[in-house]
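**Student:** Okay, handing you the structure first.
The values are calculated or read from the model by the stated rules, or taken from the named source; none is laboratory data. On a predicted model such as this, the values are computed, not experimentally measured, just so you know. Neighbour counts are summed over all protein chains in view; Cβ atoms, including those assigned to glycine, are modelled from backbone coordinates with ideal geometry. In case anyone asks, the SASA skips ligands and DNA or RNA and just uses the protein heavy atoms, side chains included. Shrake-Rupley method; radii C 1.70, N 1.55, O 1.52, S 1.80 Å.
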Amino acid sequence: MTNKYSLPRGTADILPPETILWQNIEQKVRKVLENYNYREIRTPVFEETALFKRSLGQTSDVVNKQLLELVSTKEEGFALRPEGTASIVRSYIENSLDKKESLSKLYYIGPMFRGERPQKGRLRQFHQIGVEAIGPDSTSPYLDAEVIHLSLSILKALGLGEITLKINTLGTPQDKENFSKLLRKQLEGNISKLCEDCQSRFERNVFRVLDCKNRDCKEVIKGLSIGTSYLSPESLAYYNQVKAALTALNISYQECPDLVRGLDYYTHTVFEITSAGLGSQDALGAGGRYNNLVEELGGSKADAIGFALGIERIILALGEKLTAELQTLDCFLLSLSDKCTLKAFETLKSLREANISCDMNYRSASMKSLMRLADKSRAEKVLILGEDELQKGIFTVKNMKTGEQSEIKMENIYQEITKRI
Ligand code: HAM
């Protein structure tokens, strides 16, 4: 007996009709993105491991614990992409997009890979809808507000209204340095109360303590008083302008001083969108500014902001509201005996060439099981071809909605079908 193969943990097969649901989501999302003048970019699903280490940070969980590296004797040093931003920035630099346009508004839809412990809403292969707006001198509070607005518009177009937008600012790299000093100072007296991971995070990258899900760590974090003293007056003014632009767009938000995000590249505005019904993995999406990443990866100075939404979490949050609109066929050809199959097969070809969606039975069977097959195909019309019809040079056409039947000459079939559909 051969072994049965099974799906890798933390991944999912997406079968019809669920694939139709995914196609509908993608179609709606693309329309919104194009309304905001974002254009699609496609990059490989794997990149040099060093790119991710440099962009996301050696101390981030995504790099430290979750990077899925490709092992090959010939090619080493590659990893499956855990997110899209690093690849897009690599491509932006490599293709000199800064020389071609002052602001590149890019989007991507595709699979991402993280070696996480799978649970509801947390997969090893998941899909993101991502947006990156990158360009020299592209820092503007209006662009921050636009990008946040775009993320909310996508969710709204998909039917998700009950969500919370959380925002914060990290400021410049110098402000971040002040922020980390402030955190260390406030956490110092409580180190022993932190989990083992956080005790080492305290030394290596104190921001990561704020992302910890451990209950004791969360208690300690609750007691922090962060404020805005770590920000320069310019950074604070910028944050206030972003908030004013959000208010101008009628967007309500929650300010969260402990929102720092798990990836190292962020500067200034950061945000997260959560949905209450999702349980512990409640982030539908997140993003923020990363004004230094292009330069850090070897490009010229270009500011940037973006976000990514998780498609599986969107589908979980939509729950009952989701119904896949099932595909229908224009017609289904029923060949009632093997003698009729060749004619039906030729007709199938010419109908398809005329852009009529159709299918047929390849083996004859009882009328009852053939009608069941036609029903299942959800065709609007069924063309019946038995030996009688073949002799007379006609098809019997059944309208599946009304049940009406009529006879149509074979040579008129294309006009009849197009006229009636
Ligand atoms: P992120 O917060 O790591 O950010 O991921 C964004 C979203 O992807 C999450 O809010 C969640 O919906 C989804 N997601 C992440 N990990 C998983 C997982 N294991 N299973 C299911 N869904 C998941 C980023 O990836 C940044 N690149 C966002 C960004 C773009 N920032 C600036 N530009």
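**Student:** GNM on the chain, C-alpha springs below 10 Å: top fluctuator among LEU210, LEU373, LEU21?
**Tutor:** Ranking LEU210, LEU373, LEU21 by mean-square fluctuation puts LEU373 first.
**Student:** Each label point is 7 Å from the Cα along the Cα-to-Cβ direction; what then is the distance between the points at GLU188 and ARG372, in nm?
**Tutor:** 7.8
**Student:** Another question, then. How long is the stretch 329-420 along each principal axis, judged by its Cα atoms, biggest number first, in Å?
**Tutor:** The principal-axis extents, from largest down, are 30, 26, 23 Å.
**Student:** Can you tell me the dipole magnitude for the chain around its Cα centre, using point charges on the Cβ only (Lys, Arg +1; Asp, Glu -1), in Debye to the nearest 20?
**Tutor:** Value, rounded to 20: 780 debye.
**Student:** Please list, in chain and number order, the residues 5+ apart from SER104 or on another chain whose amide H is under 5 Å from its amide H, with Hs placed from the backbone.
**Tutor:** HN-HN under 5 Å from SER104: ILE134, GLY135.
**Student:** Step through the table entries LYS120/LYS243; LYS65/LYS213; LYS53/LYS99, compare each Cα-Cα distance with 23 Å, and write down the pairs that go over it.
**Tutor:** Checking Cα-Cα distances, LYS120/LYS243; LYS53/LYS99 exceed 23 Å.
**Student:** In the stretch 51-122, which trypsin sites (Lys or Arg not before Pro) are in a loop and have at most 13 other Cβ atoms within 10 Å, using DSSP for the loop call?
**Tutor:** Qualifying residues, ordered by number: LYS65, LYS74, LYS120.
**Student:** May I ask you to list, by number, the DSSP H helices of the chain whose Cα span along the axis is at least 18 Å and whose average Kyte-Doolittle hydropathy reaches 0.5 or more?
**Tutor:** Helices passing the filter in the chain: 141-157.
**Student:** Give a residue-ordered list of calculated ³J(HN,Hα) values for the stretch 266-277 (Karplus: 6.51 cos²θ - 1.76 cosθ + 1.60, θ = phi - 60°; whole Hz; x for Gly, Pro).
**Tutor:** 6, 9, 6, 4, 10, 8, 8, 10, 10, 10, 4, x
**Student:** Further question: Ignoring ligands, DNA and RNA, what accessible area per residue does the chain give at 1.4 Å, in Å²?
**Tutor:** 52
**Student:** Another one. What residues have an amide H closer than 5 Å to that of ILE394, excluding those fewer than 5 places away on the same chain, when H is modeled at 1.01 Å from N in the peptide plane?
**Tutor:** When sequence neighbours closer than 5 places are left aside, the close amide H contacts are MET410.
**Student:** Can you list residues from other chains, or at least 5 along the same chain, whose modelled amide H is less than 5 Å from the amide H of CYS195?
**Tutor:** CYS217
**Student:** With a 10 Å cut-off between alpha carbons and a GNM built on the chain, which of LEU336, LEU284, LEU297 moves the most?
**Tutor:** LEU336
**Student:** Continuing with this model, one more query. How many Lys pairs in the stretch 329-420 lie less than 16 angstrom apart by Cα atoms, where the lysines are 8 or more positions apart or on different chains?
**Tutor:** Within the stretch 329-420, the lysine pair count is 15.
**Student:** Looking at the stretch 361-410, which GluC sites (Glu not before Pro) are DSSP coil and have at most 16 other C-beta atoms within 10 Å of their C-beta?
**Tutor:** GLU404
**Student:** Looking at the square roots a ≥ b ≥ c of the eigenvalues of the Cα gyration tensor of the chain, which shape do they give, rounded for a/c under 1.5, prolate if a/b is larger than b/c, or oblate?
**Tutor:** Prolate is the answer for the chain, as a/c is 1.5 or above and a/b outweighs b/c.
**Student:** Something else about it: Only sites in a loop by DSSP and with at most 16 other Cβ atoms within 10 Å count here; which chymotrypsin sites (Phe, Trp or Tyr not before Pro) in the stretch 7-84 make the cut?
**Tutor:** For chymotrypsin sites (Phe, Trp or Tyr not before Pro) across the stretch 7-84 that sit outside H, G, I, E and B with at most 16 neighbouring Cβ atoms in 10 Å, the list reads TYR36.
**Student:** In whole angstrom, how far apart do the alpha carbon centroids of the stretch 107-158 and the stretch 211-239 sit?
**Tutor:** Cα centroid of the stretch 107-158 versus Cα centroid of the stretch 211-239: 23 Å apart.
**Student:** Separation of the stretch 181-202 and the stretch 1-44 by C-alpha centroid, Å?
**Tutor:** That distance is 40 Å.
**Student:** Any idea what the relative contact order of the stretch 262-391 is, in percent, if you count C-alpha pairs under 8 Å spaced at least 6 apart?
**Tutor:** Taking the mean separation of contacting Cα pairs over the length of the stretch 262-391, I get 21 percent.
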